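Everything below concerns the one structure shown next.
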Amino acid sequence: QLHLVESGGGSVQAGGSLRLSCKASGDTFSQYCIGWFRQVPGMPREGVASIDNAGKRFYLDSVKDRLTISRDNAKNMSYLQINSLKPEDSGTYSCAAKLSDGYCYMNWKQRQVYLDWGQGTQVTVSS
């Protein structure tokens, strides 16, 4: 089981960029797949990106041109770079972890497959 803490959110103007961070502790980080989710007001929480234990990346189609997910196993960190921010990107961004079984690609957008969650970091984008 991993303990996850997000940081890096804040208030930015449309068109700006943010780099969100997820710090993990409590277990061998390299054995886990990491997902990033966002909770936008008025909409259900959705997966926006994931990276598996081998470094393979997955993205929500609607945001893939603006997002980059990465991980640094030596630092027990995952990062989500968001460029060209839009007001509709505003919301709470959370990282989540699941122990890799070789099939992280199958259901990376399904929140129920992740057992460990951070508390989230708030992103507010003004027009």
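The values are calculated or read from the model by the stated rules, or taken from the named source; none is laboratory data. Everything numeric in this text was worked out from a predicted model, so none of it was measured. Backbone-built Cβ (ideal geometry, glycine too); neighbour counts: all protein chains shown. To get the accessible areas, we keep the full protein, side chains included, count just its heavy atoms, and leave off ligands, DNA and RNA. Shrake-Rupley method; radii C 1.70, N 1.55, O 1.52, S 1.80 Å.
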query = Before we move on, is Gly47 touching a residue at least 40 places away in the same chain (Cβ under 8 Å), small (Gly, Ala, Ser) and closer than 15 Å to Arg19 by Cα?
reply = no
task = Give me a count of the residues in region 98-127 that are assigned to a strand (DSSP E or B) and either among the hydroxyl-bearing types (Ser, Thr, Tyr) or closer than 25 Å to Ser17 by Cβ (or both).
result = 7
task = Can you work out which of the residues in region 63-76 that are within 11 Å of the chain's Cα centre (by Cα) and closer than 23 Å to Ser11 by Cβ is most open to solvent (accessible area, probe 1.4 Å)?
result = Thr68
query = Among Gly47, Gly26, Gly42, which is open to solvent by less than 70 Å² (accessible area, probe 1.4 Å) and not polar (S, T, N, Q)?
reply = Gly47
query = What number of residues in region 59-101 are within 12 Å of Trp36 (Cβ to Cβ) and hydrophobic (A, V, I, L, M, F, W, C)?
reply = 9
remark   = Flagged in region 29-39 as surrounded by 20 or more Cβ atoms within 10 Å (Cβ to Cβ) and touching a Gly at 6+ places or on another chain (Cβ under 9 Å), in numbering order, are Gly35, Trp36, Phe37, Arg38
Residue match in region 59-71 (condition: in contact with a helix residue (DSSP H, G or I) (Cβ under 9 Å, 6 or more places away or on another chain) and either among the aromatic types (Phe, Trp, Tyr) or over 19 Å from Thr124 (Cβ atoms) (or both)) = yes
